[in-house]
Structure formats: structure tokens, C-alpha cells
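Okay, structure first, notes after.
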Amino acid sequence: MNNTTINEIKKQIQNNPILLYMKGSPEKPNCGFSAQAVKILSIYDVPFEYIDVLKHLDIRTELPKFANWPTFPQLWVNGELIGGCDILVEMHHKGELQHILHSASSSK
């Protein structure tokens, strides 16, 4: 693993209570899964940061190894990997996501 990139990833995760690693941007997602993740996050009206892994190939390469999660998007909340699109959808439907996101956004 590239330690410089891993350190950057750790810093991004630590400095952003709600962070979405995605393909594209919230305004212009470049894949359906990223679009769906943004749509779910927007329902809860919480501020979040994002990293476009298509513009940061080093992060796109190293984050799956660091996170032990092979795909994008990846949602991180309070330094913890929540998961990808399927997990966000499932947590949203079960009503579990709201509490996690609101507690993270209020701890800013």
C-alpha cells in the first residue's frame, strides 16, 4: 500500500464527519450507485463532503485495500465505514441511517 495515500485517506476520514467517496460529484454523479447514495444522503439534509475517486486515482486504488471494501461509493461516518450503496439503501429502508447521520452532523 502507498503510505502517503493511506495517510491522506486517514486525514480525510478523520476531518470529515460524513464523507462519501464516489464517482463524480453530488451535482453530477458518474455512476448509478453514486447517484443513489447522494439521493439517499440528500433525503436527510445533512452536510457531507465527497471525494471524486475518478479525479484521484491514487485514492481509487488504495482506499479499497485500506477499507477492505472493493467498490464505490463508500460512506464513512465519524471515522467508520458504513458501506456502499446497497448498505445505504438497506439502512435507509430500516430507518437506521437517520440517527447515524444526524448524530454525526450535529457533532461537527
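The values are calculated or read from the model by the stated rules, or taken from the named source; none is laboratory data. Here the structure is a predicted model, which means the values were calculated and not measured. Every residue, glycine as well, gets a Cβ built from its backbone with ideal geometry; the counts of neighbours run over all protein chains shown. Note: areas computed on protein heavy atoms with side chains; ligands, DNA, RNA excluded. Shrake-Rupley method; radii C 1.70, N 1.55, O 1.52, S 1.80 Å.
Hey, which of these cross-link pairs are over 22 Å Cα-Cα: LYS23/LYS94; LYS10/LYS65; LYS11/LYS65; LYS23/LYS65; LYS10/LYS55; LYS11/LYS55? Table pairs above 22 Å Cα-Cα are LYS23/LYS94. Taking the C-alpha atoms only, the angle from helix 32-43 to the longest principal axis of the chain is near 50 degrees. Using a probe of 1.4 Å, the accessible surface attributed to ASP45 totals some 130 Å² when neighbouring protein chains are kept in position. Along its first, second and third principal axes, ordered by size, the chain spans 37, 29, 23 Å in Cα coordinates. Charge dipole of the chain (Cα centre as origin; +1 on each Lys and Arg Cβ, -1 on each Asp and Glu Cβ, all else neutral): 140 debye, rounded to the nearest 20.
In a DSSP loop and with at most 14 other Cβ atoms within 10 Å, the GluC sites (Glu not before Pro) in region 40-108 are GLU96.
What the phi angles of region 8-13 give under the Karplus curve with 6.51, -1.76 and 1.60, with θ = phi - 60°, is a coupling list of 5, 4, 4, 5, 4, 5 Hz, glycine and proline written as x. Note on region 47-108: along the principal axes its Cα atoms extend 33, 25, 17 Å, ordered by decreasing extent. Hull volume per residue, based on the alpha-carbon atoms of region 12-63 and their convex hull, is 74 Å³. Between the helical axis of 57-67 and the dominant principal axis of the chain, each derived from Cα atoms, what acute angle in degrees is found, rounded to the nearest 10? That helix lies at roughly 70 degrees to the long axis.
Comparing ILE51, ILE18, ILE43 in a Gaussian network model of the chain (Cα springs below 10 Å), the most mobile by mean-square fluctuation is ILE43.
When you filter the trypsin sites (Lys or Arg not before Pro) in region 31-79 for DSSP loop state and at most 13 other Cβ atoms inside 10 Å of their Cβ, you are left with LYS55. For TYR50, the residues whose amide H sits under 5 Å from its own are LEU20, ignoring neighbours fewer than 5 places away on the same chain, with H placed 1.01 Å from N.
Mean residue ellipticity at 222 nm, helices only, the chain: -16000 deg cm²/dmol; runs of at least 4 DSSP H residues each add -39,500 (n - 2.57), and the sum is divided by the number of residues. Accessible surface area normalised per residue over the chain is 57 Å², counting heavy atoms of protein chains with a 1.4 Å rolling probe.
Quote the FRET efficiency, to the nearest 0.05, computed for HIS102 versus GLU27 with a Förster distance R0 of 41 Å and r equal to the Cβ-Cβ distance.
Values: r = 23 Å, r/R0 = 0.56.
The pair HIS102/GLU27 has a calculated efficiency of 0.95.
Each Lys or Arg adds one and each Asp or Glu takes one away; over the other residues whose Cβ falls under 12 Å from the Cβ of LYS23, this sums to +2.
Over the chain, what is the relative contact order in percent, taking alpha-carbon pairs closer than 8 angstrom and at least six residues apart?
34 percent
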